[in-house]
Amino acid sequence: MDDVIVRIGGAAGDGVQSAGLILTKTFSRNGLYVSTYNYYQSLIRGGQGWYQIRTSEEVVKNQGSGLDVLIALNEDALNRHTDENINEGGASPLSGIAIFDGVMITNYNKNSNVKYCPVPLRDIALKYDKNPLLKNTVALGATIASLGVGFNAFANVIREVFGKKGKIAELNVNAAKEGYDYFMDNYSVYKKVKTIKRKMYASTGGDAVGFGGINAGMQMYFAYPMTPASSVMQFFSTHAKKYNIFVKVTEDEISAINAAIGANYAGVRTMTGSSGGGFALMTEGVGLSAMTEVPLVVYEAQRPGPSTGLPTKTEQGDLNQVIGAGQGDFPRIVLAPGNITDAFNLTKEAFNLAYKYQLPVFIMSDLYLAEHVETLLNIDLDYIMDNGLMAKDNEENYKRYEFTDSGISKRAVPGQKGLMHNEDSDEHDEYGNVVSDQVTDPKIRMLSVEKRMRKIEDYIKNMPPTRTYKIEEADYLVVQWGSTRGAVEEVIDKLRGEDIKIGAVEIDHIFPLNPDIKNYLKNKKRIIVVENNYSGQLNKLLKSEFLINTDFIGKYDGEAFYPDELKNSIEGKINEKYEKIKIRGE
Amino acid sequence: MESYKGKVAPDWCPGCGNFAQLRAISAALAELNIEPENAVITSGIGCSSNMPEFINAYGYHGLHGRLVPVAAGIKWANPDLTVIGYGGDGDGYFEGTQHLYHFAKRNVDITYMVSDNQVFGLTTGQASPTTPIGRKTKNTPDGNIEPPFNPLQYVLTAGASFVARGFSGDIKTLTEITKEAIKHKGFSFIDVLSPCPTYNKFNGYDFYRKTFYRLENNNKEDFYEAYKHASEWGDQPHSIPTGIFYEVNKTRYEDADEVLSKGSLKKTAPYKLTEDDLTEFY
Ligand SMILES: Cc1ncc(C[n+]2csc(CCOP(=O)(O)OP(=O)(O)O)c2C)c(N)n1
Ligand code: SF4
Ligand SMILES: [Mg+2]
């Protein structure tokens, strides 16, 4: 694949991310696929962070290994990203050109793999304005030149970002042009990027979930801010008026989930969300939704734990928490989007599942998925809101929790005539009346448990088939869930290119597991489970569910997998002593 | 007008104050001509919180301490409903304190009545946030040393727009207060002195009949007067005020919010997404 990887490095407050987003937009608006990576710390000023953009004519599935163009906004960034022993969680050192302010940064470590292209960023910027961030625009202009992209394509995006007519927009355009010209006059195009006339849309995972919610008819969102779940809340807050979404930051996450339950109970599609710590507080509410059979969609965006952990980093360490949250034995559905398009689609699916089965449904994300930008693939806005079985007004002898074959009983919402009933967090009978107040009826308790559990059996029967990737004649199988999908697919492409028969099972309906997975586990030389965590939470689930032997590759440094590093690890597993894997019981 | 009498008979101990609150709420709803299908009773966990089953309306018996956010979620989804929260002092003044404060402050249009029996009833008699100092309970065998929580001052400070106290032994006044609370536009709060003959042997009907009085001619719009009345407490006649302490007109959260003020979300079709909307992105 012909691609280009650009990275912008600097301190917090240097405008690294906004510069990255302008560049991302430039590629996207010019018909290219993008996938980005945001590396930052939990602070407002100082430190070192960077933003990476990978772009290509073809689909880009992850941030990529390698680095073609570095924009270094300070000396530290220049040294860090040109260092062969770079320690940034799997990101590659620069083997391309470095664009930096040659007047400000003079004393840096030289690396022979790097072509240094100093540009007097600050001096150029000062001709136009005192705003220190203007030098970023100059650097972006130079970068666009180094990629052989016409200046107009870039100028239009600047105007879009800074407001079509405004003085500031023109000032930025002019500064960028001077950066562009400076590069053209002093250096030559480093790697040509072909722009294409076609419409592309790119989004962050957080925005995709927000978008999916709106497409699914969601009208309210209750939450308490916590990175990396906040981006969904922010999306709804920013667009509340346009999409008529009521967003409320409550006093805590307990309140958020209970209010969301109240709203869904009253018949308005509502979502709540948090990261692991806030979600821990929601735990009791999860069981409330399950017990009262009130539909609920919970967005859970993981970051490394335990406790406060690493607020601005990524991990897949909450699977156990999400599948285990809540006392007692009850059904739930957990979805784990594998990319940003999936985040959009599964959010839509989550609402219909929650309403069909009247139980809690989770969308599990992580910081990487939530915050990076990726081109959306085949967006389908068609959606039929299916609210599931509803009772008709004045129905005779209405039983809110009728023991049906599917376990699903008709809902009734307040305001409906003649259907008044009780919904109860205590165990209850078919009418919703508590069974334990005077004499506990053990039979009814059993029937109620079975009724709730039958719903999940029905769901399993109707689950979409498990996603696979290049599994034809595969000797080796990778199993992944959630946001590692893009890196895994790229490694599989590369290994297939080297005649290694390897494929992947991609689990995005992670709990309960689809029994069809068993079919893909047969006759493999190795089953390699890849997860962004230490202990292999899916791995353990797979082993107990399917009684298989597996190999496990885990990454828990707070960063997402990079394709080259993952390829090395997978090759390592493949080359380990051969041992035929048997599925017990076969 | 259908009756508000539920199909399940109350299971409270004989003489329990909750019977009075059940009568007051049912009577208030009936007298205000609110159809049972348009009323929702939400509760927490405790003896008191078993209320929803005993009323013929929509009932939602949720978690210990969490009835207020559930009630607000319901009201925000469908403003045409009358939403009444009902729970105990342990439920509301321990586990759910933060919700009480913040929803009162937001002035969400719900009514919240607390059955304040100064004890944990359902868990068989431990000290609650309103248990007086010195009182021996199951878990304070040498007497309670923690000062009691003053719910009325707390809620006044939070910014509630309707603050009242009732007494289970004075159903007539309690019903009147409940009616006013339901009619009030905004967060209405009623703390009810509710005897628990089983676990609170001290402050029962006799104690309150001797000590309570009805506020008359108080200036309900005077915050400081209300706050002063809220500090009154004692074992002498005329030392514990009941009635409406405070009632003012204040912007409801629902009126201030740009989305909710446009009308009932329940009655509004969700936004239909088009491809044009996608251009907001990259
Ligand atoms: C989260 C949680 N903690 C504890 C309990 C146990 N519990 C049930 S009722 C109750 C206290 C009841 O006291 P109060 O709220 O005053 O209600 P009352 O029974 O006095 O009406 C407690 C602690 C529970 N159900 N849930
Ligand atoms: S224990 Fe007390 S509060 Fe509970 S039902 Fe009996 S009298 Fe009422
Ligand atoms: Mg109590």
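Output the number of the condition that B:Lys75 fails; it satisfies all remaining conditions of (1) facing another protein chain (nearest Cβ under 7 Å); (2) more than 13 Å from the chain's Cα centre (by Cα).
For B:Lys75, the exception is condition (1).
Could we say that B:Gly125 is within 16 Å of ligand 2 (Cβ to nearest atom), of a type outside the set (A, V, I, L, M, F, W, C) and surrounded by fewer than 22 Cβ atoms within 10 Å (Cβ to Cβ) here?
yes
Across the stretch B:110-129, what is the number of residues that are within 14 Å of another protein chain (Cβ to nearest Cβ) and either within 14 Å of ligand 1 (Cβ to nearest atom) or more than 12 Å from the chain's Cα centre (by Cα) (or both)?
Total meeting the criteria: 3.
Mind checking which residues of the stretch B:249-282 are more than 22 Å from A:Phe351 (Cα to Cα), of a type in the set (Ser, Thr, Tyr), facing chain A (nearest Cβ under 9 Å) and assigned to a loop (DSSP other than H, G, I, E, B)?
Selection gives B:Tyr282 alone.
Hey, could you check the stretch B:130-143 for residues that are in contact (Cβ under 8 Å) with a residue 12 or more places away in the chain and out of contact with any Pro (no Cβ under 7 Å at 6 or more places or on another chain) and say which is farthest from ligand 2 (Cβ to nearest atom)?
Taking the candidates together, the pick is B:Thr140.
Each row is one residue, and each column tells you yes or no for (1) under 17 Å from the mean Cα position of the chain (by Cα); (2) of a type in the set (Lys, Arg).
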| position | (1), (2) |
| --- | --- |
| B:Gly6 | no, no |
| B:Arg23 | yes, yes |
| B:Gly44 | yes, no |
| B:Gly62 | yes, no |
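Residue under question is B:Gly6, and the condition is that it be farther than 25 Å from B:Thr97 by Cβ and touching a Pro at 6+ places or on another chain (Cβ under 7 Å); does it hold?
Answer is no for this residue.
So A:Asn156 fits all but one of (1) modelled with pLDDT under 95; (2) under 18 Å from A:Asp181 (Cα atoms); (3) not in a helix (DSSP H, G or I); what number is the exception?
Result: A:Asn156 passes all but (3).
Please verify whether the stretch A:435-447 includes one or more residues that are of a type outside the set (Asp, Glu) and within 8 Å of chain B (Cβ to nearest Cβ).
Yes, the stretch A:435-447 has at least one match.
Quick check on my filter: what residues within the stretch A:26-40 are surrounded by 21 or more Cβ atoms within 10 Å (Cβ to Cβ) and outside any strand (DSSP E or B)?
Answer for the stretch A:26-40, where residues must be surrounded by 21 or more Cβ atoms within 10 Å (Cβ to Cβ) and outside any strand (DSSP E or B): A:Thr26, A:Phe27, A:Ser28, A:Asn30, A:Leu32.
Quick one: how many residues across the stretch A:399-425 are in contact (Cβ under 8 Å) with a residue 60 or more places away in the chain and either assigned by TED's automatic domain parsing to the domain that holds A:Arg332 or of a type outside the set (Lys, Arg) (or both)?
Residues flagged as in contact (Cβ under 8 Å) with a residue 60 or more places away in the chain and either assigned by TED's automatic domain parsing to the domain that holds A:Arg332 or of a type outside the set (Lys, Arg) (or both) within the stretch A:399-425 amount to 8.
Name the pairs whose Cβ atoms lie under 8 Å apart, with the first residue in the stretch A:430-457 and more than 23 Å from A:Ala412 (Cα to Cα), the second in a helix (DSSP H, G or I), and 6 or more positions between them or separate chains?
That search, which allows pairs on different chains as well, returns A:Asp437/B:Asn50.
For A:Lys242, are the conditions met, namely being surrounded by fewer than 22 Cβ atoms within 10 Å (Cβ to Cβ), assigned by TED's automatic domain parsing to the domain that holds A:Ile340 and within 29 Å of the chain's Cα centre (by Cα)?
yes
Residues A:Leu23, A:Leu43: which one is within 14 Å of chain B (Cβ to nearest Cβ), over 27 Å from A:Asp493 (Cα atoms) and either without any contact (Cβ under 8 Å) to a residue 60 or more places away in the chain or not in a strand (DSSP E or B) (or both)?
From the options A:Leu23, A:Leu43, the qualifying one is A:Leu23.
State whether the residues of the stretch B:42-60 include one that is within 13 Å of ligand 2 (Cβ to nearest atom), within 17 Å of B:Glu176 (Cα to Cα) and of a type outside the set (A, V, I, L, M).
Scanning the stretch B:42-60 turns up no residue that is within 13 Å of ligand 2 (Cβ to nearest atom), within 17 Å of B:Glu176 (Cα to Cα) and of a type outside the set (A, V, I, L, M).
Since B:Arg23 meets every condition but one in (1) more than 13 Å from every other protein chain (Cβ to nearest Cβ); (2) more than 15 Å from ligand 2 (Cβ to nearest atom); (3) surrounded by fewer than 22 Cβ atoms within 10 Å (Cβ to Cβ), which condition does it not meet?
(2)
Please state which of the following conditions B:Asp11 fails to meet, knowing it meets all the rest: (1) away from ligand 1 (no atom under 16 Å from the Cβ); (2) of a type in the set (Asp, Glu); (3) within 19 Å of A:His428 (Cβ to Cβ).
(1)
So in the stretch B:1-23, with the set limited to residues that are part of a loop (DSSP other than H, G, I, E, B) and of a type in the set (Phe, Trp, Tyr), which one is farthest from ligand 3 (Cβ to nearest atom)?
B:Tyr4
Tell me which residues, restricted to the stretch B:180-212, are surrounded by fewer than 17 Cβ atoms within 10 Å (Cβ to Cβ) and more than 16 Å from ligand 2 (Cβ to nearest atom).
Listed by number, the residues that qualify are B:Lys183, B:Lys185, B:Arg209, B:Lys210.
Tell me the strands (runs of 3 or more DSSP E) entirely within the stretch A:197-287 that contain at least 1 residues that are within 30 Å of A:Ser35 (Cα to Cα) and more than 11 Å from every other protein chain (Cβ to nearest Cβ).
Once the strands (runs of 3 or more DSSP E) in the stretch A:197-287 are filtered for at least 1 residues that are within 30 Å of A:Ser35 (Cα to Cα) and more than 11 Å from every other protein chain (Cβ to nearest Cβ), what remains is A:220-223, A:270-275.
Taking the conditions exactly as written (in a strand (DSSP E or B) and over 23 Å from the mean Cα position of the chain (by Cα)), does A:Ala11 satisfy them or not?
Against the criterion (in a strand (DSSP E or B) and over 23 Å from the mean Cα position of the chain (by Cα)), A:Ala11 qualifies.
Kindly establish whether B:Lys138 is surrounded by fewer than 19 Cβ atoms within 10 Å (Cβ to Cβ) and closer than 28 Å to B:Asp222 by Cα.
Spelling it out, it is not the case that B:Lys138 is surrounded by fewer than 19 Cβ atoms within 10 Å (Cβ to Cβ) and closer than 28 Å to B:Asp222 by Cα.
Run down A:Met364, A:Met385 and say which single residue is crowded, with 24+ Cβ neighbours inside 10 Å and either in contact (Cβ under 8 Å) with a residue 24 or more places away in the chain or not assigned by TED's automatic domain parsing to the domain that holds A:Gly407 (or both).
So the residue among A:Met364, A:Met385 that is crowded, with 24+ Cβ neighbours inside 10 Å and either in contact (Cβ under 8 Å) with a residue 24 or more places away in the chain or not assigned by TED's automatic domain parsing to the domain that holds A:Gly407 (or both) is A:Met364.
Does B:Ser128 meet the test of being closer than 24 Å to B:Phe19 by Cα and among the hydroxyl-bearing types (Ser, Thr, Tyr)?
yes
Within the stretch A:466-511, track down each residue that is assigned to a helix (DSSP H, G or I) and crowded, with 22+ Cβ neighbours inside 10 Å.
If the condition is that a residue be assigned to a helix (DSSP H, G or I) and crowded, with 22+ Cβ neighbours inside 10 Å, then A:Gly482, A:Ser483, A:Thr484, A:Arg485, A:Gly486, A:Ala487, A:Val488, A:Glu489, A:Glu490, A:Val491, A:Ile492 are the ones that fit.
Just checking, how many residues over the stretch A:1-20 are of a type outside the set (Val, Ile, Thr) and modelled with pLDDT of 95 or more?
Residues in the stretch A:1-20 being of a type outside the set (Val, Ile, Thr) and modelled with pLDDT of 95 or more: 6 in total.
Within 13 Å of the chain's Cα centre (by Cα) and in contact (Cβ under 8 Å) with a residue 12 or more places away in the chain: is that true of B:Gly85 in this structure?
yes
So, restricting to strands (runs of 3 or more DSSP E) that lie completely within the stretch B:115-226, which ones have at least 2 residues that are within 16 Å of ligand 3 (Cβ to nearest atom)?
B:162-167, B:188-193
Among the residues that make up the stretch A:50-66, is at least one of them over 22 Å from A:Gly141 (Cα atoms) and within 14 Å of chain B (Cβ to nearest Cβ)?
yes
The values are calculated or read from the model by the stated rules, or taken from the named source; none is laboratory data. Computed from a prediction, not measured in an experiment: that's the story for all the values here. Neighbour counts are summed over all protein chains in view; Cβ atoms, including those assigned to glycine, are modelled from backbone coordinates with ideal geometry.
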